[in-house]
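Here the structure comes first, spelled out in structure tokens, and everything after it is commentary.
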Amino acid sequence: MESSTALYTQLKEAQPFFVMAGPNVIESEEHIMKMAKHIKAITTKLGVPLIFKSSFDKANRTSSKSFRGPGMAEGLKILEKVKVAYDLPIVTDVHESIQCESVGKVADVIQIPAFLCRQTDLLVAAAKTGKIINIKKGQMCATTVMVNSAEKVRGAGNQNVMVCERGTMFGYNDLIVDPRNLEWMREANCPVVADITHSLQQPAGRKLDGGGVASGGFRELIPCIARTAVAVGVDGIFMEVHDDPLSAPVDGPTQWPLRHLEELLEELIAIAKVSKGKQQFAIDLTPFRD
């Protein structure tokens, strides 16, 4: 718990923000090691703390025939190699309470998927690992839900919790990002993270040539959502990054190209520094709400 608290403090104090980034899913050990090496080089150059992200199992794929990853046992071995080789904290997600103990032995941050953000048993099991818990806001949930979800983690004895905005359902196959949520989620009294890639998904919105559907998305709008988030003043940015998004087996339409990562982060850092400087002189609007 002490090491988790130290990392949590570092993330809360990160200026202008911290980054959680990596490919959506572990495709191979070689690919993950390559991505970790390049992403770390970029974030180190720019001076922003990095938590490397990838999933060992995408349990909520649209189709049962879709690629899910190597599974927990093999996936955790690969993530541990990344952690040791590049001295990086790791974030990965869990889908069942039984996974939490094993994942907690490798991951520094355990992520709760958006669909599962209200699952009390999962939140408590994750909290009991002592690791930092990043809870993604459900696409169907109001921000007030995240207050309760964060309290479930704290109630299990773990104060190291973060909440993450990842878009809100807009009809059946689309998401929108409401910038007000980034402010309202402050009521959870913890760091607020903006997922700037999943927020642009079109869930089950892409028809496949051979029949069936898959998730689509608007990769070209990632910079737009990212600029908005850092201007509002989020504590962290979550983004999925791939060296060849067009060939990515999972969520290719919403993964940001590795070759453009440095220039995007440079722009976001510049915006955040200006925005946070102005926020120091912001007017307290509380008296005008009634």
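Observations on the model:
- Residues that are closer than 17 Å to TYR8 by Cβ and among the charged types (D, E, K, R), drawn from segment 84-113: ASP108
- Enumeration of residues in segment 218-229 that are within 18 Å of HIS260 (Cα to Cα) and open to solvent by less than 40 Å² (accessible area, probe 1.4 Å): ILE222, PRO223, ILE225, ALA226
- Matching residues in segment 43-70 - criterion: being at pLDDT 95 or above and over 18 Å from the mean Cα position of the chain (by Cα): THR44, LYS45, LEU46, GLY47
- Here is the figure for segment 172-188: residues that are open to solvent by 40 Å² or more (accessible area, probe 1.4 Å) and assigned to a helix (DSSP H, G or I) total 6.
- Just so you know, in segment 230-273 the residues that are open to solvent by less than 10 Å² (accessible area, probe 1.4 Å), touching a residue at least 60 places away in the same chain (Cβ under 8 Å) and among the small types (Gly, Ala, Ser) include one that is farthest from ILE132 (Cα to Cα), and it is ALA272.
- Strands (runs of 3 or more DSSP E) fully within segment 58-171 counting 2 or more residues that are farther than 21 Å from LYS34 by Cα and open to solvent by less than 20 Å² (accessible area, probe 1.4 Å): 109-112, 132-136, 161-165
The values are calculated or read from the model by the stated rules, or taken from the named source; none is laboratory data. In this text the structure is predicted, and so the values were computed from the model without any measurement. Neighbour counts run over all protein chains shown; Cβ positions are idealised from the backbone, glycine included. Protein only, heavy atoms only, side chains kept; ligands, DNA and RNA dropped before computing areas. Shrake-Rupley method; radii C 1.70, N 1.55, O 1.52, S 1.80 Å.
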